[in-house]
Amino acid sequence: VDALMVGDLGPEAIGAVGVGTSLFMGVCIFAMGLMLGLDTLVSHAFGAGRIDECHRWLIHGVVLALVMSGPIIGVMLWMSSAFDAWGLTPEVLVLTRPYLETLTWSVAPLLLYSAFRRYLQGMGVVRPVMAALIVANVVNVFANWVLIFGRWGFPQLGVEGAAWATVFSRVVMAGILLATILYRDRSAWGS
């Protein structure tokens, strides 16, 4: 969505979003892969009727997401600081650095979303995951339109606006799944 929506800003903007997104996902995919084990652990506990154990695995997943966020952010900031040596054209470089640095704010929400998703999928609850993805994409498109082009009194942020829209959409995605978990499990959590 970001690459498509910055297209009107020129090829440098498309290049910056492409490079930034590739690097971001290349690093984050490692941490998201660690969350895949939750599917098996939660589904086994759920199948055995051990909801308390499902909750324990969720808490472990949340802690892992938060612990992994720090090193992942560190790697991304290090990569951003090393861009000068990568041979990017100056026009792309000047746009890629703020794009990637802004995307780092979405590491924790993305990893939390991943943990929440694995927990819900392990119990066979997939509709909220689909809904979260759809809503997040709609939010991303709308926020891109507002922040890239400076609509409704917001400043025109260009490529960096696309990154902020992505951050916001990932917060929404994680928030929807957290709300789903809290709603579904409210009696088991003691409320």
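The values are calculated or read from the model by the stated rules, or taken from the named source; none is laboratory data. The structure presented is a predicted model; accordingly, all values stated were derived computationally and were not measured. Glycine also receives a Cβ, built like all others from the backbone with ideal geometry; neighbour counts cover every protein chain displayed. All accessible areas refer to the heavy atoms of the entire protein, side chains included, with ligands and DNA or RNA removed. Shrake-Rupley method; radii C 1.70, N 1.55, O 1.52, S 1.80 Å.
Which condition number in (1) part of a helix (DSSP H, G or I); (2) hydrophobic (A, V, I, L, M, F, W, C); (3) open to solvent by 30 Å² or more (accessible area, probe 1.4 Å) is the one that TRP152 fails?
(1)
In region 44-61, how many are assigned to a helix (DSSP H, G or I) and open to solvent by 40 Å² or more (accessible area, probe 1.4 Å)?
Kept after step one, since they are assigned to a helix (DSSP H, G or I), are these residues of region 44-61: 44-47, 51-61.
Going one step further and asking which of them are open to solvent by 40 Å² or more (accessible area, probe 1.4 Å), we end up with 44, 46-47, 51-53, 56-57, 59-60.
Number of matching residues: 10.
Do we have any residue at all in region 150-172 that's closer than 30 Å to THR40 by Cβ and aliphatic (A, V, I, L, M)?
So in region 150-172, the residues closer than 30 Å to THR40 by Cβ come out as 166, 169-172.
In the following step, the residues that additionally are aliphatic (A, V, I, L, M) were identified as 171-172.
Yes, the conditions are met somewhere in region 150-172.
Residue-by-condition table, conditions (1) out of contact with any Lys or Arg (no Cβ under 9 Å at 6 or more places or on another chain); (2) acidic (Asp, Glu); (3) modelled with pLDDT of 95 or more:
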residue	(1), (2), (3)
LEU93	yes, no, no
ARG97	yes, no, no
GLU101	yes, yes, no
PRO109	no, no, yes
GLY124	yes, no, no
ASN140	no, no, no
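With the requirement that a residue be buried (at least 18 other Cβ atoms within 10 Å of the Cβ) and either of a type in the set (S, T, N, Q) or under 11 Å from ILE181 (Cα atoms) (or both), what does region 130-148 give you?
The answer is ASN140, ASN144.
Return the total of residues in region 74-124 being within 30 Å of LEU38 (Cβ to Cβ), touching a residue at least 12 places away in the same chain (Cβ under 8 Å) and open to solvent by 50 Å² or more (accessible area, probe 1.4 Å).
7
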